[in-house]
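Notes follow once the structure below has been shown.
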Amino acid sequence: MFKMLNPRRFYHAVGKKKFLEFILLAVFILFFYGPLLNMLMLAFANEYNVPSVLPQEWGFKWWGYVFGQKSLVSSMIQSFIIAIATTVISMIFCIPAAYSLARFQYPGRKVFMLSFLLTNAFPKLGIYTSIAVLFYKYGLMGTYAGVIIIHMINSMMFMVWLPSSAFRAVHRQQEEAARDVGAGPIRTFFKVTLPMAMPGIAVATLYTFLGSMEEAQGTMLVGLARIQTMPVAMYGIVLDSSAIQIGAVFAILLIIPSALLIFVMRKYIGPEAIAGGFKMK
């Protein structure tokens, strides 16, 4: 077994193709899982000095420091409230738009679809700055409404394109069969079309919620100092401290809700659902 640790022996044993596949896999694991493992190590390191490989002391010192910050708990609550509000309001406005784009043909339809892509095609800071000018005029700076609108702008592409693709995947014959047995348009939508399109809508909802939880630039610009979400509070605490362990603790706190949601909705998430949402027909 230990002879296989010799690269030359391993190369001759498995062949050129398998050896290259192993190298690529090892590089992927190193660059993908390496930073995650390092983050976990730092989060539970009471004392760590570069260039040591392992911490000098393990413990929960920095977890206590982070949760001892009064602003963090309130910012976590605000983040969840804003993320839930952003997701619900986005669904109310974007799902009807997605259904319209999927089922009806009208002039300017493709241009309308591309307009949602523009929110992610340009530097966000420039978009935020131009929006902030309007928000100053209408008194939305430093308000929850202004922050939620900014978060919704980030989610529009996912909340329109992905559900639109899901609605297109529902065959019209199934809707027509429901109407043939006496179901009206509204009943057909809620009993046939919407349940069948739910996987795509679920993926879009997940992206919207997670995007809102992690949004910092727009929140800092529009929310001013009045609205402190978790990422904004984290930036402030990290900048006030020189301990790198604090950043690792915050990173885990942001990853936990994302990982839980992805686990719960894992059966809906896949390359087909995501790639399908970016097909324009």
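The values are calculated or read from the model by the stated rules, or taken from the named source; none is laboratory data. Note that the structure is a prediction, hence the values are computed from the model and not measured. Cβ placement follows ideal geometry from the backbone for every residue including glycine, while neighbour counts extend to all protein chains displayed.
Quick notes on this one:
- Residue match in region 250-259 (condition: in the same structural domain as residue 153 (by TED's automatic domain parsing), assigned to a loop (DSSP other than H, G, I, E, B) and modelled with pLDDT of 75 or more): no
Results for (1) within 24 Å of the chain's Cα centre (by Cα); (2) in the same structural domain as residue 193 (by TED's automatic domain parsing), shown as yes or no for each residue.
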| site | (1), (2) |
| --- | --- |
| 30 | yes, no |
| 44 | no, no |
| 57 | no, no |
| 85 | yes, yes |
| 90 | yes, yes |
| 100 | no, yes |
| 108 | no, yes |
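- Note on region 100-128: among residues that are closer than 24 Å to residue 176 by Cα and among the hydrophobic types (A, V, I, L, M, F, W, C), the one that is surrounded by the fewest Cβ atoms within 10 Å (Cβ to Cβ) is 104.
- In region 202-227, the qualifying residues are those that are in contact with a His (Cβ under 9 Å, 6 or more places away or on another chain) and among the β-branched types (Val, Ile, Thr), and the one that is surrounded by the fewest Cβ atoms within 10 Å (Cβ to Cβ) is 219.
- Contacts under 8 angstrom Cβ, first residue in region 107-134 being at positive phi and in contact (Cβ under 8 Å) with a residue 24 or more places away in the chain, partner surrounded by 10 or more Cβ atoms within 10 Å (Cβ to Cβ) and part of a helix (DSSP H, G or I), 6 or more apart: none
- Applying a threshold of 6 Å to beta carbon distances and a minimum spacing of six or more residues, or different chains, the list of pairs starting in region 192-214 at a residue that is over 15 Å from residue 160 (Cα atoms) and ending at one that is crowded, with 23+ Cβ neighbours inside 10 Å and at pLDDT 85 or above reads 212/83; 212/86; 212/151; 213/79; 213/83.
- Any hit, region 153-163, residues being within 11 Å of residue 222 (Cβ to Cβ) and touching a residue at least 24 places away in the same chain (Cβ under 8 Å): yes
- Here residue 117 passes the criteria (1) of a type in the set (A, V, I, L, M); (2) outside any helix (DSSP H, G or I); (3) within 30 Å of residue 197 (Cβ to Cβ) except the one numbered (2).
- Residue satisfying all of: in region 39-81; surrounded by 14 or more Cβ atoms within 10 Å (Cβ to Cβ) and assigned to a loop (DSSP other than H, G, I, E, B); modelled with the highest pLDDT among these: 44
- At least 2 residues being assigned by TED's automatic domain parsing to the domain that holds residue 120 and in contact with a Ser or Thr (Cβ under 6 Å, 6 or more places away or on another chain) is the threshold, and among the helices (runs of 4 or more DSSP H) wholly inside region 184-241 those reaching it are 194-214, 230-239.
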